[in-house]
Amino acid sequence: MLKEYDEVIKSEFAGTIIDIESVGNFDDRFADSRKYNNIIQVILGYIDKDHLHIYCAENDESINALKNLTNEIVPGLQKPLFAFNCEFEACVFFHHVGIEIVFEGELNNNKFEKKKDVIRCLNISNYDDPFFDDGYKCLREWQNKQFDLTIAHNRACLLKERDILVKRGFRKPDRIVLVK
């Protein structure tokens, strides 16, 4: 079963911001997209100028349902597409979901910039993020079946990323090498 969250929200940008939550471990033997082979998407969240949507898998069966839903939804989202770390979303979509997505804008200034530092610098709200930008805590709580907390984290991330886009813009994404 998928848990769904939908919120009507007015934003001042064109396109869609995507943020996913995941479980699994990186495979550091690889410097290309194969590093993400073992990462499994458990939450799909996106925000556009009118809505914020989140879908959360609650078990193995619903992970497959989320994968199928992602395949249906993401290619039709309003462009341009943005992510805080385009490499992460693009590589998880490629390896776990089975789709290639091109992001037009990256919200971090460099690959290793931390979102919590940007939030502090730009004086952006925490939006009731129960994990204060700590994705590892989100992974742990998803494994503990604390789905309302993981959805609240994803919602906060989407709102923070929207504010980053509106306040400072985006950059051209780094080149991503997708390798099976």
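Listing for the model above:
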item	result
Only listed residue being within 20 Å of C56 (Cα to Cα), without any contact (Cβ under 8 Å) to a residue 24 or more places away in the chain and either touching a Lys or Arg at 6+ places or on another chain (Cβ under 7 Å) or of a type in the set (G, A, S) (or both), chosen from G76, G135, G98	G76
Some residue of the range 98-106 being loosely packed, with under 13 Cβ neighbours inside 10 Å and among the charged types (D, E, K, R)	yes
The listed residue being among the aromatic types (F, W, Y), part of a helix (DSSP H, G or I) and under 28 Å from R175 (Cβ atoms), out of F103, F93	F93
Helices (runs of 4 or more DSSP H) within the range 113-180 that include 3 or more residues touching a Gly at 6+ places or on another chain (Cβ under 9 Å)	147-168
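This table checks each residue for (1) surrounded by 13 or more Cβ atoms within 10 Å (Cβ to Cβ); (2) over 19 Å from K137 (Cβ atoms).
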position: R29; (1), (2): no, yes
position: N37; (1), (2): yes, yes
position: I63; (1), (2): yes, yes
position: L69; (1), (2): yes, yes
position: V74; (1), (2): yes, yes
position: P80; (1), (2): yes, yes
position: C91; (1), (2): yes, yes
position: I119; (1), (2): yes, no
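Every residue, every condition in (1) of a type in the set (K, R); (2) surrounded by 16 or more Cβ atoms within 10 Å (Cβ to Cβ); (3) at pLDDT 95 or above; (4) more than 28 Å from V8 (Cβ to Cβ), yes or no:
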site: Y136; (1), (2), (3), (4): no, no, no, yes
site: W142; (1), (2), (3), (4): no, yes, yes, no
site: T150; (1), (2), (3), (4): no, yes, yes, no
site: R162; (1), (2), (3), (4): yes, yes, yes, no
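The values are calculated or read from the model by the stated rules, or taken from the named source; none is laboratory data. These numbers were taken from a predicted model, which means no experiment stands behind them. Positions of Cβ are backbone-derived with ideal geometry, glycine not excepted, and every protein chain shown enters the neighbour counts.
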